[in-house]
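Quick notes on the structure that follows.
The values are calculated or read from the model by the stated rules, or taken from the named source; none is laboratory data. From a predicted model like this one, the values you see are computed outputs, not experimental measurements. Glycine also receives a Cβ, built like all others from the backbone with ideal geometry; neighbour counts cover every protein chain displayed.
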């Protein structure tokens, strides 16, 4: 049986491939809201980031997932996003309806894949934040470089993810989780910016 030559061999590569369209959609949505043009717009962006990271806190602190990724709890950015809101003198938003609830382990991996991957893009975003007089110690903490560096943190995460033995059903769950994560951040972005115009 011949397999297509463009079919990814690694799980992380497959997840990257299947999320390309929702990733591009999210990029367009972020650009449309112009978060780095004004401090007010950036603040709404941080609200969305906080809502997303706070929802994922349950995954980052899950003992079963920490068995797989021992440094998982340290990777969470919910506290940094919370501190950013305080720096920006912004109220902590209430949780938005529709948060992820009790995902399967493989599904959770898909969500974590998206969250961890976003740290690579944050390298470009924090450069934009500097123009608003923000930094990884004030207002843009959640965009800061993780301990050990972005590239190494990502490689370490994907090495572990790719080495896991999954059934076909678990592979499908991981795919689902990654797609859901992009969809959810899009929803939270809409919620955060709708609050500004309300």
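For residue 132, only one of the following conditions fails: (1) assigned to a helix (DSSP H, G or I); (2) surrounded by 14 or more Cβ atoms within 10 Å (Cβ to Cβ). What is its number? The single condition residue 132 does not satisfy is (1).
Whether a residue is at pLDDT below 95, outside any loop (DSSP other than H, G, I, E, B) and buried (at least 17 other Cβ atoms within 10 Å of the Cβ) was assessed, and residue 122 passes this test.
Right, residue 140: crowded, with 18+ Cβ neighbours inside 10 Å and more than 16 Å from the chain's Cα centre (by Cα) or not? So residue 140 does not fit the description; no. Residue pairs whose Cβ atoms lie under 7 Å apart, sitting 6 or more positions apart in sequence or on different chains, and linking a residue in segment 88-101 that is in contact (Cβ under 8 Å) with a residue 60 or more places away in the chain to a partner that is in a loop (DSSP other than H, G, I, E, B), do not occur here. In segment 145-172, the residue that is surrounded by the most Cβ atoms within 10 Å (Cβ to Cβ) out of those that are at pLDDT below 95 and outside any helix (DSSP H, G or I) is 146. A single entry from 74, 13, 17 fulfils the requirement of being within 30 Å of residue 131 (Cβ to Cβ) and surrounded by fewer than 19 Cβ atoms within 10 Å (Cβ to Cβ): 74. Only helices (runs of 4 or more DSSP H) whose full extent lies in segment 15-106 are considered here, and the ones with at least 1 residues that are over 21 Å from residue 160 (Cβ atoms) are 20-33, 39-60, 78-87.
Looking across segment 102-158, the residues that are on the phi > 0 side of the Ramachandran plot and free of Cβ contacts under 8 Å to residues at least 60 places away in the same chain come down to 102, 133, 148, 149.
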